[in-house]
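Have a look at the structure below, then the notes.
The values are calculated or read from the model by the stated rules, or taken from the named source; none is laboratory data. A quick note: this is a predicted structure, and the numbers were derived from the prediction, not measured. A quick note on method: Cβ atoms are made from the backbone with ideal geometry, for glycine too, and the neighbour counts reach across all protein chains shown. Heads up: the accessible areas ignore ligands, DNA and RNA and are worked out on the full protein's heavy atoms, side chains in. Shrake-Rupley method; radii C 1.70, N 1.55, O 1.52, S 1.80 Å.
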Amino acid sequence: MSATASDDPDDRLAREAEDVRLQIAHAHALLYDRDKHFRESRRQYQRDYYAQHREEQLEYQRQYREAQRAKDPDAYREGKRARTQRWRDKHRDEVNARLREKYRADPEKHRQRRREVYAQNPEEQRARRRAYYAANKEKQLAAQQRWRDREKRRIAAGLPVRRVHRVARDERFANLAAADEFFEREWTDAELKVALRSIATPPELWAEWKRDCLKARAAHHLATQKEELARLEKELARVRPGPKPKPRPTPEEIEKARLDAIGRQINERLRHREPPRRPHHLDPAAPHPHLIKQDQMGMNR
């Protein structure tokens, strides 16, 4: 008996993946709407409060800074320096981009400044380098070992020794233009045929590899989506008021419940029931009928 299209494992996997994807999209939408409403209401409250008490807030900040400065000037300067450093660490890319622009505007000025600083305090600069090396000795040794291993691999592969050095801005742009011109050149048909023939893969191996990759990718994607759906459902249930939702029954549990209901109906139909007892119509104080002697030879008077 041939299997139908609905029994195909690939079809079941695709349907299940689509169902999970829709559930995840719905959960994401609910979480996004809830968080957006909370953020907007919070921002609006903060704007209204600051607009109503702007001068009070500014005066409070000024007084707090003055009190901290008067209480401990050294600690105030250290805290200010730490706050500035935290801001720089948080905006490191922006700060580095600004410094690069300043350097590119006049690189010779910065080089001359570094030479002057080094000429003024050569021993201090050397001591600082030695202190940094001593504090980060393991890190420096590991970096040196990685560089030596990389150079050995390059030499073993027949590649030239890597020499990276700083170049001027104009020279760097010229090198990039030359590289683009080299790599963007047009290949002839003969060159392309030779290159493709050398790396050609048999079609049957390519098709088998593609099928395996698609199946593995689909299975991994489905497992990841199920984990994401479970996380979203937990997040939604965490803040949802009322009783916790019951887990969705499995197909086996649904079939078992259906069979139990059928069995209960059959039992109700086939069960032998005793007739209901009629209430006693005699006087409760009268003796039991079996205790009354019956005359067998005439009418009982």
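Arg98 meets each of the listed conditions (1) at pLDDT 90 or above; (2) charged (D, E, K, R); (3) over 42 Å from the mean Cα position of the chain (by Cα) apart from (3).
Once segment 73-125 is narrowed to residues that are in contact with a helix residue (DSSP H, G or I) (Cβ under 6 Å, 6 or more places away or on another chain) and not charged (D, E, K, R), the residue that is nearest to Val167 (Cα to Cα) is Tyr103. Counted as qualifying within segment 58-164 are the helices (runs of 4 or more DSSP H) with 3 or more residues that are small (Gly, Ala, Ser) and open to solvent by less than 80 Å² (accessible area, probe 1.4 Å), namely 73-90, 122-135.
Could we say that Ala27 is open to solvent by less than 90 Å² (accessible area, probe 1.4 Å) and under 30 Å from Gln225 (Cβ atoms) here? Spell out how you get there, then give the answer.
Working: open to solvent by less than 90 Å² (accessible area, probe 1.4 Å): yes; under 30 Å from Gln225 (Cβ atoms): yes.
So Ala27 passes the test.
Scanning segment 192-201 turns up at least one residue that is part of a helix (DSSP H, G or I), open to solvent by less than 80 Å² (accessible area, probe 1.4 Å) and more than 30 Å from Ala17 (Cα to Cα).
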